[in-house]
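Visitor: Submitted below is the structure of interest, expressed as structure tokens.
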Amino acid sequence: MFDPSGIAVVGASASEGKIGYEAMANAAAFDGPVYPVNPSGSGTLFGEPFVESVSDIGGDVDLALCCVPGPALPDVLEECGEAGIGAAVVYASGFAEAGDEGERLQARVVDVADEHDVSLLGPNTSGFVVPERDLRCSFASGVEKIPAGNTAVVAQSGGVAHVLAFQSRRQGRGVSAMVGLGNRANVGFTEAIDYFDGDERTDAIVLHVEGTDDGRGLLEACRESDTPVVAYKVGQSDVGEFAESHTGALTGDHELYTAGFAQYGVPTVDATDDLLDAAAALGNSPEPAGPNVGVVTAQAGPGIIVTDRIQRAGGRLPELGAETRARIDDVLPGVTYTGNPVDTGRPMPEFGELVTAVAEDDAVDIVLVYELFEEALGFPVASLSGLAERVGKPVLFATEGVEEEMAEEKAALAEAGVPTFETPERAADAAGVLARYAELSARVAAEEVSRDA
Amino acid sequence: MRDADPIDAAREDGRTTLTEAEGKRLLAEAGVETPRFEVCPDATAAVDAAETLGYPVVVKVSSPAVTHKSEWADGAGVAIGLDSADAVREAAEAILAAAAESGIDADVLVEEAMDVNAGTEVIVGGLRDPSFGPVVLTGLGGVFTEVFEDTSHRIAPVSHREARSAIEELQAATLLRGYRGSDPADVDAVAAVVKAVGDFVTDYPIAELDVNPVLASADGAVALDALVVLEAE
């Protein structure tokens, strides 16, 4: 599905604005063969000659983008199956989300797909995009601008998948893939998590979840994943109406997702941008060993916001070791505050050395640096570069300043693999996610030990 | 293998709800402590049971038709703190009369009284969720259960460690740790109930289960009431 050699666009159309046109326009950029399929098409579309049916395709093809209305799908999928195409994206809506008749149609589609061993993304999805391969199996406009990154976005809603992907672009981050699962006919969270866990471009997986009929399967897939997973569960209502017991009346969907994710090692967040911040922190850092955050700030005010918020977000602020405090005092006699946070009062050339000292403190599991941009000094890129890998701890960086003036230095930090954050709050929340991830991982590991014992 | 007879008995009668006595027998087999009790067909048997158990006792309606006993028959369903044969006889007769009046089959459950002021009331519940399967709930119990909604959930089955963490994340954990000079409750005993209930919904065809309250004290954790609803066959 996500790594095809050739693509058939079934229902490709020369009329601009139709899904069959937009999907073809996006897919045409793919570096493998792309075939527009339509029995009534003639000539070429984006330079590729129309073929009448998927069985007439001569070359490699293993993915079909189905731009046909729902009722035509069973036949289309049967032809795909017979032509040896093992994966299909179904954009059409009007299936299980649309009442009894749609549900029956979806059941038929799944039967045909299962019989012919075809994986189905959708129906009722806007598709998926893998930027690094120019693989744009979405009919939405602008997907060619989504940059490549190392976060896999797996959203229940195709719309939210695009929201996250475009947000990620604006944040200068990018995605390894963006997937809208839609109705999850036979490719659901479990299959997607499994796939992206094994994907070498992916270092973090983010989930947008509205609700699924196999919550336990979802949790188990998350626990199995070696790649960190972060989840955003939407919707806080839905208490069982069947309840005869207090237990039933007190057990809502949201409680079970929240408790279940924690029990299975998955930190949860409550907003789309938090999801991407969490992924940036987890996907670009060594695994945190614990929840203890060492904060270094060049300005007291933002530092106070950060330290206050970290504790609410699940992190802890340990006392720094005597040795570290002595080092700080050595570098910078009379520094404003040498506890935790370390506050220098203003940016200064020695700032990088202080960050290094805190990062090397054994009491610290996670480092968070806040510094307003000072043009004459720039960022401590040299000190931060490679620091996280060397000390084996996440090092997060947050700043503020004039975008254009910081651009070059920010790019240098990105180049050095330092995850950066836009506000003191978001940096603190990202550190909180790392802290919770460390604690939840330890909890899951302890459970595994007691299960195996 | 635990004896699942109460479940078979309910199935044979076409019932999905177990009586309190049936529920407590199942819990007792799973190692959960319950007060001593007897189920009696009439007032005389109830008095005999009370004499054997020792006063004070609690007398409750015992019928598959009554799930919320304290709200049943204008409060006749539960009589607490009975310390004489006359009081027991009166309470039992009231239950049987109310049952006859509403046309249901009922017995009388006579149980040794526990001092609920000697501990903290906790709810432990289980249910089979359509998406997550067996889950277990822990919370502040008794009359405040639905007032404060101080609960935590776990996907079942759970280890003793997870059961403990479910208790420790409650607001009510502060009460269990002991406050204003009271002795800390035996949290491990409560955790054992949480674990047992988790195993219970995992192993049996149970739709919903309330053990409410569980009386948690320094002496242990005792299940004072049990509501078991089976899955429809």
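Visitor: Give me the distance in nm between label points sitting 7 Å out from Cα along the Cα-to-Cβ direction at B:Glu146 and B:Glu29, one decimal.
Guide: Output for this residue pair reads 3.1 nm.
Visitor: Please give the length that would be gained between B:Arg161 and B:Glu71 if that part of the chain were fully extended, namely 0.36 nm times their separation in residues minus their C-alpha to C-alpha distance (nm, one decimal). Don't skip to the end; give the middle numbers.
Guide: Details: separation 90, 0.36 × 90 = 32.40 nm, distance 3.63 nm.
Contour length minus the Cα-Cα distance gives 28.8 nm.
Visitor: Hey, another quick one. Kindly provide the pair-distance distribution of region A:139-238 built from C-alpha pairs, with 5 Å bins from 0 and whole-percent values in order of increasing distance.
Guide: Pair shares across the bins are 3, 13, 25, 25, 19, 10, 4, 0.
Visitor: Can I ask one more? Once amide H atoms are built 1.01 Å from N in the peptide plane, which residues 5 or more positions from A:Asp365, or in another chain, come under 5 Å H to H?
Guide: Residues meeting the amide H criterion: A:Asn292, A:Val293, A:Gly294.
Visitor: Also, quick follow-up: Whole number please: convex hull volume per residue, Cα atoms of chain B, in Å³.
Guide: Roughly 128 Å³ of hull volume per residue.
Visitor: To continue, here is another question. Quick one: the Cα spread of region B:92-211 along its three principal axes, in angstroms, biggest first?
Guide: Here the Cα extents, ordered largest to smallest, are 48, 43, 25 Å.
Visitor: Here's something else I'd like to know. Per residue of B:158-168, what is the mean number of Cβ atoms on other protein chains within 10 angstrom of that residue's Cβ? List each step's numbers first, then the result.
Guide: Numbers: counts 2, 6, 1, 5, 5, 0, 0, 3, 2, 0, 0.
Taking the mean over all residues of the peptide, I get 2.
Visitor: Let me ask you something else. Using only the heavy atoms of the protein chains and a 1.4 Å probe, how would B:Glu101, A:Glu101 rank by accessible area, largest first? Write out the running numbers ahead of the final one.
Guide: Values: B:Glu101 165, A:Glu101 140 Å².
Largest accessible area first, the residues go B:Glu101, A:Glu101.
Visitor: Roll a 1.4 Å probe over the protein heavy atoms and report the accessible area of B:Tyr204 in Å², nearest 10.
Guide: Result for B:Tyr204: roughly 20 Å² accessible.
Visitor: Which far-off residues, 5 or more places away or on another chain, put their amide H under 5 Å from the one on A:Ala204, with H placed in the peptide plane?
Guide: A:Ala152
Visitor: Now, a different point. Starting from the Kirkwood radius over alpha-carbon pairs of region A:285-439, derive D by Stokes-Einstein at 10 °C in a medium of 1.306 mPa s and give it in µm² s⁻¹.
Guide: On the way: Rh = 15.0 Å.
Estimated diffusion coefficient is 106 µm²/s.
Visitor: What order do A:Lys410, A:Lys18, B:Lys69 take when sorted by accessible area (1.4 Å probe), most exposed first?
Guide: Result, largest first: A:Lys18, A:Lys410, B:Lys69.
Visitor: Could you give the accessible area per residue of region A:285-439, probe 1.4 Å, as a whole number in Å²? Don't skip to the end; give the middle numbers.
Guide: Numbers: 6550 Å² over 155 residues.
On a per-residue basis, 42 Å².
Visitor: Further, regarding this structure: Show me, bin by bin at 20 Å from 0, the whole-percent P(r) of chain A based on Cα pairs.
Guide: Using 20 Å bins, I get a P(r) of 24, 47, 25, 4, 0 for chain A.
Visitor: Any idea of the total accessible area buried by the A-B contact, 1.4 Å probe, rounded to 100 Å²?
Guide: Summed over both sides, the interface buries about 2500 Å².
Visitor: Right, here's the next one. For region B:1-102, which whole percent of the accessible surface, found with a 1.4 angstrom probe, sits on carbon and sulfur atoms?
Guide: 47 percent
Visitor: Describe numerically, in nm with one decimal, the distance between label points set 7 Å from Cα along Cα→Cβ at B:Arg177 and at A:Gln236.
Guide: 2.6 nm
Visitor: Under a crude label model (7 Å from the Cα following the beta-carbon direction), how far is A:Ser5 from A:Ile304 in nanometres?
Guide: Label-label distance for A:Ser5 and A:Ile304, simple model: 6.4 nm.
Visitor: Could you work out how far the C-alpha centroid of region A:145-166 sits from that of region A:374-440, in angstrom?
Guide: 22 Å
Visitor: Still on this structure, please answer the following. What figure, in Å² to the nearest 10, do you get for the accessible area of A:His246 with a 1.4 Å probe and non-protein molecules left out?
Guide: Its accessible surface works out to 50 Å², give or take rounding.
Visitor: Leaving out ligands, DNA and RNA, what percent of the accessible area of region B:116-230 is carbon and sulfur, probe 1.4 Å?
Guide: On the way: 2090 of 4180 Å².
So the carbon and sulfur contribution to the accessible surface is 50 percent.
Visitor: For the pairs A:Lys233/A:Lys410; A:Lys233/B:Lys24; A:Lys145/A:Lys233; A:Lys18/A:Lys145; A:Lys145/A:Lys410; B:Lys69/B:Lys195, flag any whose C-alpha to C-alpha distance is greater than 29 Å. Can you show the working numbers first?
Guide: On the way: A:Lys233/A:Lys410 32 Å; A:Lys233/B:Lys24 37 Å; A:Lys145/A:Lys233 27 Å; A:Lys18/A:Lys145 21 Å; A:Lys145/A:Lys410 20 Å; B:Lys69/B:Lys195 26 Å.
Exceeds cut-off: A:Lys233/A:Lys410; A:Lys233/B:Lys24.
Visitor: Could you sort A:Val293, A:Val51 by their accessible area in this structure, using a 1.4 Å probe and putting the largest first?
Guide: Values: A:Val293 0, A:Val51 30 Å².
Largest accessible area first, the list is A:Val51, A:Val293.
Visitor: Can you compute log10 of I(q)/I(0) for region A:1-126 with the Debye formula, treating each Cα as one identical point scatterer, at q = 0.12, 0.14, 0.20 Å⁻¹?
Guide: Debye intensities relative to I(0), on a log10 scale: -0.39, -0.53, -1.08.
Visitor: If I ignore ligands, DNA and RNA and count only protein heavy atoms, how much of B:Asp115 is accessible to a 1.4 Å probe, in Å² to the nearest 10?
Guide: 90 Å²
Visitor: Roughly to the nearest percent, how much of the accessible area of chain A is carbon and sulfur, given a 1.4 Å probe?
Guide: 45 percent
Visitor: Hey, how many Å between the Cα centroid of region A:25-82 and the Cα centroid of region B:1-44?
Guide: Cα centres, region A:25-82 to region B:1-44: 64 Å.
Visitor: Also, I was wondering about something else. Compute the accessible area per residue over chain B, keeping the other protein chains in place, probe 1.4 Å, unit Å².
Guide: Each residue of chain B exposes 43 Å² on average to a 1.4 Å probe.
The values are calculated or read from the model by the stated rules, or taken from the named source; none is laboratory data. This one's a predicted model, so the numbers in the text were calculated from it and none came from an experiment. Here Cβ is always computed from backbone atoms with ideal geometry, including for glycine, and neighbour counts include all displayed protein chains. Protein only, heavy atoms only, side chains kept; ligands, DNA and RNA dropped before computing areas. Shrake-Rupley method; radii C 1.70, N 1.55, O 1.52, S 1.80 Å.
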